[in-house]
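Working notes, structure below.
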Amino acid sequence: MTFPDMARDEKGRLIPESEQTAVWLLGGLAQIRVPGSATRNAFTVVQHTGNRGYNTPLHVHDHEDEVFIVLDGTLRMVCDGEEQIAEAGSTMIVPRNVPHGFVTTSANARFLTIHSTPQPDRRPQFDLFLEAELPHATALTLPTEDLAGPDLDHLIALGPAYAFRYAGPPPAP
């Protein structure tokens, strides 16, 4: 979805849920609430929803810092080899180039990830990756087994195109 350049439209922009992209990611639902194109590529915001076991493998973002804000449920976060439990209300800050991953340990969880790039010549890539490479959700529900999307090996192979790298298996619930 293309949004007006905020540099020319400083009045702001409402993005109704009906205009937001939602994709199925590794068994969870990821909704691009704020795409980089709506923020002069300063940051993106993605809302994740998943059941127990929803996870990502350990990975590294080459250009993006990432902030996790847990709204509901509990995540086990691994950041630079250290494991931490993030409950509702917790925030985890992950600088670029730091290996990290998560797994939902509660029955279900809902959390935001905010991706930003401190380098002026870079832009967040995560929303571009989700928009271009993952199956768009046909409903704001978790995917069924037959709609799980690309396998992990395929996602890992896409990493260089979106400035992320695989760093190890996901944490276990």
Open item on the list: Six or more apart or on different chains, Cβ atoms under 6 Å: show the pairs whose first residue is in region 51-68 and farther than 24 Å from Glu145 by Cα and touching a residue at least 40 places away in the same chain (Cβ under 8 Å) and whose second is assigned to a strand (DSSP E or B) and polar (S, T, N, Q).
Closed with: Asp65/Ser116; Glu66/Thr113; Phe68/Thr113
Task: Residues that are modelled with pLDDT under 90, outside any helix (DSSP H, G or I) and surrounded by fewer than 16 Cβ atoms within 10 Å (Cβ to Cβ), drawn from region 139-149 - done: Thr144, Ala148
TODO: Run down Asp72, Asp65 and say which single residue is among the charged types (D, E, K, R), surrounded by fewer than 15 Cβ atoms within 10 Å (Cβ to Cβ) and in contact with a strand residue (DSSP E or B) (Cβ under 9 Å, 6 or more places away or on another chain).
DONE: Asp72
TODO: Just give me the residues in region 79-105 being of a type in the set (Asp, Glu) and closer than 24 Å to Gly27 by Cβ, in sequence order.
DONE: Glu83, Glu87
- [ ] Read through the list (1) closer than 13 Å to Ala30 by Cβ; (2) part of a helix (DSSP H, G or I); (3) touching a residue at least 60 places away in the same chain (Cβ under 8 Å), then give the number of the only condition that Ile156 fails.
- [x] (1)
TODO: Read through the list (1) in contact with a helix residue (DSSP H, G or I) (Cβ under 9 Å, 6 or more places away or on another chain); (2) touching a residue at least 60 places away in the same chain (Cβ under 8 Å); (3) crowded, with 16+ Cβ neighbours inside 10 Å; (4) closer than 23 Å to Ile15 by Cβ, then give the number of the only condition that Phe129 fails.
DONE: (2)
Open item on the list: Looking only at region 83-126, filter to residues that are modelled with pLDDT under 95 and of a type in the set (D, E, K, R); which one of those is surrounded by the fewest Cβ atoms within 10 Å (Cβ to Cβ)?
Closed with: Asp121
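The values are calculated or read from the model by the stated rules, or taken from the named source; none is laboratory data. Computed from a prediction, not measured in an experiment: that's the story for all the values here. Please note: Cβ atoms are built from the backbone with ideal geometry, for glycine as well, and neighbour counts cover all protein chains shown.
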